[in-house]
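The values are calculated or read from the model by the stated rules, or taken from the named source; none is laboratory data. Model, not experiment: these values are computed from the prediction. Using ideal geometry, Cβ is built from the backbone for each residue, glycine included, and neighbour counts are taken over all protein chains shown. These accessible areas exclude ligands, DNA and RNA; they are computed on the full protein's heavy atoms, side chains included. Shrake-Rupley method; radii C 1.70, N 1.55, O 1.52, S 1.80 Å.
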Amino acid sequence: MKTDDTKWMGEALRLARLAEGLTRPNPPVGAVIVKHGRMIGRGYHRKAGGPHAEVYALRQAGIRAKGATLYVTLEPCCTFGRTPPCTEAIMRAGIKKVVAAVSDPNPRHAGKGFTQLRRAGIEVVVGVGAEEARELLAPFASAIFQKRPYVTLKLAESLDGRIADSAGRSKWISGPAARSVVQGLRRRVDAVMVGSGTVLKDDPSLLPRPSKGRMPFRVIVDAAGKVPVNRRVFSDAFASQTILVTTKRCPSRRQADYAVRGAKVLVLSAVGRGVFLPALLRSLHGLGVLHVLCEGGSEFAASLIRANLVDELVLFVAPVIIGSDGLGAIGGRGWKLAGAPRLKIVEARMIGDDVMIRAKALCLPD
């Protein structure tokens, strides 16, 4: 049976998830105010520079907030930034108790908000809903500790591990229910990233459908500038959301062609014939990107894995067999079994006729 704290923190977490994909470079946060067993205020952070979740909830509660309990998914801020400290608003409102899921992952701020509240005589409880809150905040934590976005690699494959047939056809391996889930993944992230081969072959838009207010960057990794400017990512109404990542191998005239259509061109250092991927992720971090969804292709996916830059794998396995002449899900040079990357499966469930597997701790042995 759920305790009241668990129940109300669950509502705060639900609200926070509504903000995924909207708040970069800030984390998604939800808040609920409860008095005498009834919710009297709620809110979530909607965009950077706008009010924080606590402020929305306090505004809705008004004078009723005095003596109430605030449930919030992240430690309230205690410093001036683009908005005033939430701790001051909480104290002014007369909140009696604050229940927070987790402390601020930023070591410069961690625990300071709680200390301010306790000094003001407010009871503080930390840790309710912590596991789910940490999952929600993983991209924000990656930005703080790794100075790069959190990377989710998404693949749709057959039962025998193929992402396309011998002719390169991949539409559609997974079913409509799985494709709908992928649109939801796109709405949760700040950027959708693919290699040049995917754009050349499929000409995708890479935008979530429906967008529900989301407008993630579209990151095309093309070391030599192979992708023509007539592809949708450069020619549709959202070309300004496209980032073309390349190297000096891309002719300057082609770089100018991309830029004149509104795309941002990043010329980065190369490794072999590809882009130096750590530099790519650092550049996206500099743009405030917290979470990247990589949708392929197979060679690009292999490069990310080999560079230890994949934080989460989301795999859709369809009940179809393609055969050995199909395109393998992970390209490039493989691994011997003893040295193969190991993953921790954290979720597996049916999505329509497909199986979705979500795995973490993707890394190579030392």
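Based on Cα contacts under 8 Å between residues 6+ apart, segment 209-278 shows a relative contact order of 33 percent. The share of alpha-carbon pairs in segment 26-113 lying farther apart than 19 Å comes to 30%. Looking only at 287, 244, 315, which one moves most when the chain is put into a Gaussian network model with springs between Cα atoms under 10 Å? Looking only at 287, 244, 315, the largest GNM fluctuation is found for 287. Ranking 208, 152, 164 by Cα position along the charge dipole of segment 134-231, where only Lys, Arg, Asp and Glu carry charges on their C-beta atoms, puts 208 farthest toward the positive end.
Give me the Kirkwood hydrodynamic radius of segment 114-236, using the inverse of the mean 1/r over all pairs of distinct Cα atoms, in Å to one decimal.
For segment 114-236, inverting the mean 1/r across all distinct Cα pairs yields 17.9 Å.
Charge dipole (Cα centre; +1 on Lys/Arg Cβ, -1 on Asp/Glu Cβ; no other charges) of the chain amounts to roughly 1020 debye.
Of all DSSP bridge pairs formed entirely within the chain, close to 45 percent run antiparallel.
For segment 249-321 versus segment 1-76, the spacing of their alpha-carbon centroids is 35 Å. Report the calculated FRET efficiency for residue 224 and residue 118 (r = Cβ-Cβ distance, R0 = 51 Å), to the nearest 0.05. Efficiency for this residue pair is about 0.30.
Beyond 19 Å, the tail of the calculated P(r) for segment 110-171 holds 62 percent of the Cα pairs. With each label modelled as a point 7 angstrom along the Cα→C-beta vector, the residue 17-residue 47 pair spans 2.4 nm. Too long at a 23 Å Cα-Cα cut-off: which of 7/212; 47/212; 47/97; 66/212? Pairs exceeding 23 Å: 7/212; 47/97; 66/212.
Based on Cα atoms of the chain, Rg over Rh with Rh as the Kirkwood radius reads 1.02. I want to check the label-to-label distance for residue 338 and residue 209. Put each point 7 Å from Cα in the C-beta direction and report it in nm to one decimal. According to this spin-label approximation, the distance is 4.9 nm.
State the answer as a single residue: which of 133, 95, 319 lies farthest towards the positive end of the charge dipole of the chain, with beta carbon charges of +1 for Lys and Arg and -1 for Asp and Glu, about the Cα centre. Looking along the dipole axis, the top candidate is 95. The residue list 41, 25, 86 was ranked by how far each Cα lies along the charge dipole of segment 12-100 toward its positive end, using unit charges on Cβ atoms, and 41 comes out on top.
I need the per residue convex hull volume for segment 291-366, using only the alpha carbons, in cubic angstrom as a whole number.
Details: hull volume 9.0 nm³, N = 76.
For segment 291-366, the hull spanned by Cα atoms encloses 118 Å³ per residue.
Under the convention that each Lys and Arg Cβ holds +1 and each Asp and Glu Cβ holds -1, the size of the dipole of segment 1-156 around its Cα centre is about 380 debye. Note on residue 166 and residue 183: the model spin-label points, each 7 Å out from Cα along the C-beta direction, lie 3.5 nm apart.
Which of the three applies to segment 202-300, rounded, prolate or oblate, going by the alpha-carbon gyration tensor with a ≥ b ≥ c and a/c under 1.5 meaning rounded? Don't skip to the end; give the middle numbers.
Values: a/c = 1.60, a/b = 1.22, b/c = 1.31.
It is oblate, given that a/c is not under 1.5 and a/b is not larger than b/c.
Report, for segment 216-324, the % of DSSP beta bridges that are antiparallel, rounded to 5. Roughly 20 percent of the DSSP beta bridges within segment 216-324 come out antiparallel.
State in Å² the accessible area per residue of the chain; use a 1.4 Å probe, count heavy atoms of protein chains only, and round to the nearest integer. Don't skip to the end; give the middle numbers.
On the way: 17380 Å² over 366 residues.
Value for the chain: 47 Å² per residue.
Note on segment 18-150: antiparallel DSSP beta bridges, both residues inside, total approximately 55 percent of the bridges counted. As a test of the definition: which semi-axes, in Å, follow for segment 9-64 when you take the square root of five times each eigenvalue of its alpha carbon gyration tensor? Largest first, please. For segment 9-64, the semi-axes come out at 21, 12, 5 Å.
Computing FRET efficiency as 1/(1 + (r/R0)^6) for residue 271 and residue 66, where r is the C-beta to C-beta distance and R0 is 35 Å, gives about 0.05.
Applying 1/(1 + (r/R0)^6) with R0 = 30 Å to the Cβ-Cβ distance of residue 80 and residue 146, what FRET efficiency is obtained, to the nearest 0.05?
Values: r = 26 Å, r/R0 = 0.88.
It comes to 0.70.
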